[in-house]
Amino acid sequence: MTSQPPIDETPLLTRIAQQDPAALSELYDRYARIIYAVAFKILGSVEEAEEVVVDVFCQVWRTAGAYNPQRGRVDGWLFMLTRSRAMDRLRRLQKTARAASASVEILLTRSPQMSSSPEEDLLISERRAQVLTALSQLPEEQREVLELAYYKGLTHVEIAAQTGKSLGTIKTRIRLGLKKLRTTLESI
């Protein structure tokens, strides 16, 4: 029994880079099941594994032109994308679970006798007003990303996707916004 050499799928990626949907469909037919299996093994969730498959093939559609055959075979590239997307989702799910668990724990351990005093409520209210005032003094771009990160709990990657800005731009705006916010709050 002779083994056949691996199929060179670089021409498929070249066609995908030229926005050929038939080429993407062919690549999907070849790899969707194995990508799903890898994602499911990492995540243990049908829904999350299905989302990873969609994410991987969307990324292939967007970035096929960046594929470099000198760095490895197409299947290796696809598995690397799959692992990366699955691990991102796993970290996000774990972070959400930890936050939810901590919130529930705080609610369960806090008794009515431990509620804040009127003085504490006043201090919290004043501090909130100071933060809102300081936020209103930031440039719109910085304020927007800080609100998405801290009020809506989005990750940098999610903010970049929602705003259409690059990840580097988002990180810079958050860093600069926090620095200005800190300076403003220290002067109040």
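Surface composition of region 120-185: carbon and sulfur atoms hold 55% of the protein heavy-atom accessible area at a 1.4 Å probe.
Residue separation times 0.36 nm, minus the C-alpha to C-alpha distance between T133 and L176: what's the value? Between T133 and L176, full extension yields an extra 13.8 nm. Mark the label point 7 Å from the Cα of K41 along Cα→Cβ and return the residues of region 48-85 whose backbone N is within less than 14 Å of it. Residues 76, 79-84 fall inside that zone.
Within straight-line reach of K179, meaning a Cα separation under 26 Å, sit the following lysines at least 8 residues removed in sequence or on another chain: K95, K152, K165, K171.
If you take the beta carbon distance between D121 and R91 as r and set R0 to 30 Å, what does 1/(1 + (r/R0)^6) give as a FRET efficiency, to the nearest 0.05? Don't skip to the end; give the middle numbers.
On the way: r = 36 Å, r/R0 = 1.20.
Once the sixth-power term is evaluated, E becomes 0.25.
For the pair V54 and E141, a Förster radius of 30 Å applied to the C-beta separation gives a FRET efficiency near 0.50, rounded to the nearest 0.05. The slack in the chain from M80 to T155, taken as 0.36 nm per residue of separation less the alpha-carbon distance, amounts to 24.9 nm.
Taking the Cβ of Q142 as the centre, find all other residues whose Cβ is under 14 Å away and add up their charges (Lys, Arg: +1; Asp, Glu: -1). So the environment of Q142 carries a net charge of +4.
Remark: the N68-D29 segment gains 11.9 nm on full extension, using 0.36 nm per residue and subtracting the alpha carbon distance. Rolling a 1.4 angstrom probe over the protein heavy atoms with all chains in place gives the chain an accessible area of 69 Å² per residue. Its residues counted as N, the chain yields a C-alpha radius of gyration over 2.2 N^0.38 Å of 1.46.
The values are calculated or read from the model by the stated rules, or taken from the named source; none is laboratory data. All figures in this text were calculated on a predicted structure; none of them were measured in a lab. Cβ coordinates were reconstructed from backbone atoms using ideal geometry, including for glycine residues, and neighbour counts include every protein chain displayed. Accessible surface is based on the protein model in full, side chains and every heavy atom, while ligands, DNA and RNA are left aside. Shrake-Rupley method; radii C 1.70, N 1.55, O 1.52, S 1.80 Å.
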